[in-house]
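These notes concern the structure reproduced below.
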Amino acid sequence: MTSSSIWPGPATRDNALRQLSEFLPQAGSDYAALRGYDLKDHPHVSRLSPFLRHRILTEDEVLRTVLRSYDRDTAQKFVDEVLWRTYWKGWLEMRPGVWRDYRLGVQAALNRIQTESGLRSEWEAACSGRTEIECFNIWARQLTHDGYLHNHARMWFASIWIFTLRLPWELGADFFLRHLYDGDPASNTLSWRWVAGLQTRGKAYIAEAWNIEKFTKGRVPRPEDLAANPAPLDGPPSPDPSSLDLALEWDMHCPTGLLITEEDLSPSDIFPETDRLQAIAHYHATQDRSPLAVSPHVVSFVSDAIEACCASLPGQATHCPTPDEVVTWAIAHDLKQIVTAYPPVGPTADALAALEPRLEDAGIALARIARPYDADAWPRARAGYFKFRKTSGSFLERLAQDAAA
């Protein structure tokens, strides 16, 4: 790792499993009582998110592990945190226009920065931790140095960015996406929209000094002059959900190559028949998370994670730095089909959507294969989270049964 931060450590499955094992004794009542405290070294949360983000660990195996040790009621708060990630993924997957609008909003805000010197200086001060709000500055510096913020701190930070500093929310979401090890298009974009009052219309999250003081136990200075009772941001209503068409199987009877992306680094779960594959390649879309430079520690983590994933597979994997080289690789191996783990809405999905017509022109099909967990869970995210959780009982029960078996 090139990051100066010790955590998250090697971008390997062994390291991820070790961290899960070490956290497991705290995943029940301790987590429920203490998860909201943003303390030094974050002792009360799992910090598994970088591994879940890239599916070095998967949501279903983490849930099975926890439900093997705890009954559902005891583990509910931790289960909820995992399910929120699943819910955001499904919600955005059925409303991809929200991602496109966010990307357009980032570009529009960056264009403003080029012409509005005051906005540019305020944005630069916020990103570098040079505002008049010291707790905010501490979090900004922690984010850029460690690639991590506690979830509660993310909410406070986003609220101050939007309502006290009055900066475009899209630039704040972009700042997170560039620096977080667990930077995820769905969780990040929709959480910022939620804080702003755009996701649940008319209901914004407002940071308050007493709350910051209580849940940091004085670790950061109590802020003064935070915005009081600001109005939520205004915007169009969320679009209605579209239908999902998720393939679970692929044609094993034609020359096929496997394409690894950062979206799912446990491909053997989906493609156990590796002896049927003609070739393996990997493509990185990490830098496409933002029009600006993505933090080197994020790029390094993803690169290391993909390398570790490929090392676990048979044969030599080819690195394809660009979509054009994916086409060249496929033609060179006489492939008629490329299979890849289904990429949810985000830069990788955008890149593959642009690549697909060029593959078709070369007579090569692109098959995006979903996990059964996603195919079951994502379509349930048609409304709010608590409706999603209410309908999730059936697949959680199956996970619990699998865990007990």
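The values are calculated or read from the model by the stated rules, or taken from the named source; none is laboratory data. The model shown is predicted, which means the values in this text are computed figures rather than measured ones. Cβ coordinates were reconstructed from backbone atoms using ideal geometry, including for glycine residues, and neighbour counts include every protein chain displayed.
Of note:
- The listed residues are Gln76, Gln26, and the only one of them that is modelled with pLDDT under 95, surrounded by fewer than 19 Cβ atoms within 10 Å (Cβ to Cβ), among the polar types (S, T, N, Q) and out of contact with any Asp or Glu (no Cβ under 9 Å at 6 or more places or on another chain) turns out to be Gln76.
- Verdict on Ser300 being at pLDDT 95 or above, over 29 Å from His253 (Cα atoms) and either buried (at least 20 other Cβ atoms within 10 Å of the Cβ) or of a type outside the set (Val, Ile, Thr) (or both): yes
- Checked against (1) in contact (Cβ under 8 Å) with a residue 60 or more places away in the chain; (2) more than 30 Å from Pro372 (Cβ to Cβ), Pro10 passes all but condition (2).
- Here Phe386 fits the description: surrounded by fewer than 15 Cβ atoms within 10 Å (Cβ to Cβ) and closer than 27 Å to Asp184 by Cβ.
- Here the condition is being touching a residue at least 40 places away in the same chain (Cβ under 8 Å), of a type in the set (Gly, Ala, Ser), part of a helix (DSSP H, G or I) and in contact with a helix residue (DSSP H, G or I) (Cβ under 7 Å, 6 or more places away or on another chain); of Ala305, Ala351, Ala375, it holds for Ala351 alone.
- The stretch 252-266 - residue that is out of contact with any helix residue (DSSP H, G or I) (no Cβ under 7 Å at 6 or more places or on another chain) and over 15 Å from Ala351 (Cβ atoms) and, of those, surrounded by the fewest Cβ atoms within 10 Å (Cβ to Cβ): His253
Yes/no matrix, rows are residues, columns are (1) more than 25 Å from Tyr102 (Cα to Cα); (2) more than 19 Å from the chain's Cα centre (by Cα):
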| residue | (1), (2) |
| --- | --- |
| Ala317 | yes, yes |
| Thr322 | no, yes |
| Ala330 | yes, yes |
| Lys336 | yes, yes |
| Thr340 | yes, no |
| Gly346 | no, no |
| Ala353 | no, yes |
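- Subset of the stretch 267-296 [surrounded by 20 or more Cβ atoms within 10 Å (Cβ to Cβ), outside any loop (DSSP other than H, G, I, E, B) and under 16 Å from the mean Cα position of the chain (by Cα)]: Thr286, Arg289
- Yes/no for Asp146 being touching a residue at least 40 places away in the same chain (Cβ under 8 Å), closer than 25 Å to Asp234 by Cα and charged (D, E, K, R): no
- Those helices (runs of 4 or more DSSP H) lying entirely in the stretch 165-250 with at least 1 residues more than 24 Å from the chain's Cα centre (by Cα): 209-216
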